[in-house]
1. Being aliphatic (A, V, I, L, M) and under 21 Å from residue 293 (Cα atoms) is the filter here, so list the residues in the stretch 305-326 that pass it.
2. Just to be sure, is residue 221 modelled with pLDDT under 95 and among the aliphatic types (A, V, I, L, M)?
3. For residue 266, are the conditions met, namely being more than 21 Å from the chain's Cα centre (by Cα), hydrophobic (A, V, I, L, M, F, W, C) and surrounded by fewer than 19 Cβ atoms within 10 Å (Cβ to Cβ)?
4. Cβ-Cβ below 7 Å, separation at least six or inter-chain, first residue in the stretch 338-354 and open to solvent by 70 Å² or more (accessible area, probe 1.4 Å), second not in a loop (DSSP other than H, G, I, E, B): which pairs?
5. Quick one: residue 303 ticks every box in (1) in contact with a Phe, Trp or Tyr (Cβ under 9 Å, 6 or more places away or on another chain); (2) open to solvent by 20 Å² or more (accessible area, probe 1.4 Å) except a single one, so which number is it?
6. Can you name the residue in the stretch 164-182 that is more than 18 Å from the chain's Cα centre (by Cα) and open to solvent by less than 10 Å² (accessible area, probe 1.4 Å) and is also nearest to residue 44 (Cα to Cα) among such residues?
7. Please go through (1) open to solvent by 20 Å² or more (accessible area, probe 1.4 Å); (2) touching a residue at least 12 places away in the same chain (Cβ under 8 Å) for residue 50 and return the number of the only condition it doesn't satisfy.
Amino acid sequence: MTSENAAAVTRMLAERTGTDPHDWFLVLKARYGMQVVLEALRDERGPGEVVSQVFTCSTAVDPILVAGLRPVYAEVSAATISIDPDLLEVGPATRAVVLQHTFGIVDAAAARRVQAAAQAAGALLVEDAAHCVGRVARGGDGMPLADVSIHSFGVEKVLPTTFGGAVWVNPAMRDAGLRARIVRELAGLPPVGRRLDLALRLYRTELRILSRIPDALSVRLREGLTRAGLFEPAIAAVESRGGLGHPPMAPSAWTVGRMADALPSLDAEESRRSAVVAEYLRVLAGAVEMPGAALAGGPLVRFPLFAPDADSAERVIGALAVAGVYVGRWYRPALFPGVEDPAVYGYVPGDDGLTVSEDLVARVVNLPTIVDLPTARRAAQVVLAAIG
């Protein structure tokens with residue numbers, strides 16, 4: 001990466017968060033940043049557990065497994081779709097708690113309680129800010145809460161950068177030795193190789209071609225390109241089996257350049273998404289169930305709502321597809337887009353301790369926030385008609 005662009009990225013992230021640029025480190029993907037942090041944690045403190053949630057992506061849990069730690073799942077709150085501090089259990093085996101700002105919902109009050117529980121157990125608080133690059137949960141003093149905060153520039157996140165991630169390491173971390181280890185590992189990551197860098201550059205062109213040819217041919221071509229190392233999938237096959245597609249590495253100069261070019265537009269992008277969220281709230285609030293914390297509005301990467309039941313959710317998704325509104329299927333199923341063997345992930349479907357999480361997984365529908373206001377208005381009307 002060029003030092004000039006890298007310095008620009010870390011400076012802009014620091015300005016947005018009120019932090020020091022020297023505490024920010026760039027990675028190829030956010031998941032690799034989490035892997036580095038958790039591997040350092042395991043090496044310094046030994047094997048143990050990392051608390052996460054099943055209303056998430058498999059790639060948010062893969063780093064736990066690859067690091068040699070054991071994922072355990074906390075119940076989420078229907079108000080935040082993030083760990084419910086009232087139900088959070090930590091203990092001597094807890095090495096870290098991952099606080100996910102799902103869809104970009106940042107609930108500072110709940111985050112503070114999660115942070116207090118993690119701190120009392122001597123565990124690291126790892127903030128998953130993949131859906132809200134440049135935003136963090138803050139304590140009563142206005143300072144960032146987390147020990148480590150992980151941000152994504154990846155596919156279908158807030159910015160159209162496709163690849164890239166950033167990790168902030170709190171200079172006030174209690175364990176100075178662990179912090180020094182994390183910083184050393186992040187600063188010493190090897191660069192992306194030439195073939196992978198080429199695949200990153202070709203990604204958008206390849207997607208356009210793959211989307212315009214027959215499905216059967218598209219699947220075969222995608223698989224062939226992936227095997228040849230010329231296509232970098234958003235989620236690799238190994239990432240549904242408890243692994244990761246690559247070892248941790250630093251982003252290429254091209255990726256960092258895209259990050260540097262995109263960050264100045266973040267205010268405008270957040271403003272645009274906030275306006276779309278406000279439109280969804282105007283049409284849907286009071287008519288459909290949605291997370292209470294989402295009622296505050298803000299720049300969400302997707303707008304979540306919950307149909308009355310699983311069948312209704314499928315009906316809504318189908319109606320939106322017919323209307324030409326791309327909604328995707330984020331977090332249906334749990335550990336999205338689904339894993340080959342839940343036991344590998346330490347997840348038991350039907351767990352009595354995850355009834356809220358699994359109920360929300362079954363009923364969730366998330367609307368795009370990258371659209372214009374007329375499209376948002378039309379999508380909301382389709383939802384109302386489909387739910388009836």
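The values are calculated or read from the model by the stated rules, or taken from the named source; none is laboratory data. Computed from a predicted model, the values in this text were never measured in an experiment. Backbone-built Cβ (ideal geometry, glycine too); neighbour counts: all protein chains shown. When the accessible area is computed, the model is the full protein with side chains, heavy atoms only, and any ligands, DNA or RNA have been set aside. Shrake-Rupley method; radii C 1.70, N 1.55, O 1.52, S 1.80 Å.
1. 305, 307, 313
2. In short, yes.
3. no
4. Correct list of pairs: 340/240; 348/342; 349/342.
5. Residue 303 satisfies every listed condition except (2).
6. Applying the filter and picking the extreme gives 178.
7. Single failed check for residue 50: (1).
Residue by residue, here is whether (1) open to solvent by less than 50 Å² (accessible area, probe 1.4 Å); (2) within 25 Å of residue 130 (Cα to Cα) holds:
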| residue | (1), (2) |
| --- | --- |
| 333 | no, yes |
| 362 | yes, yes |
| 374 | no, no |
| 378 | no, no |
| 381 | no, no |
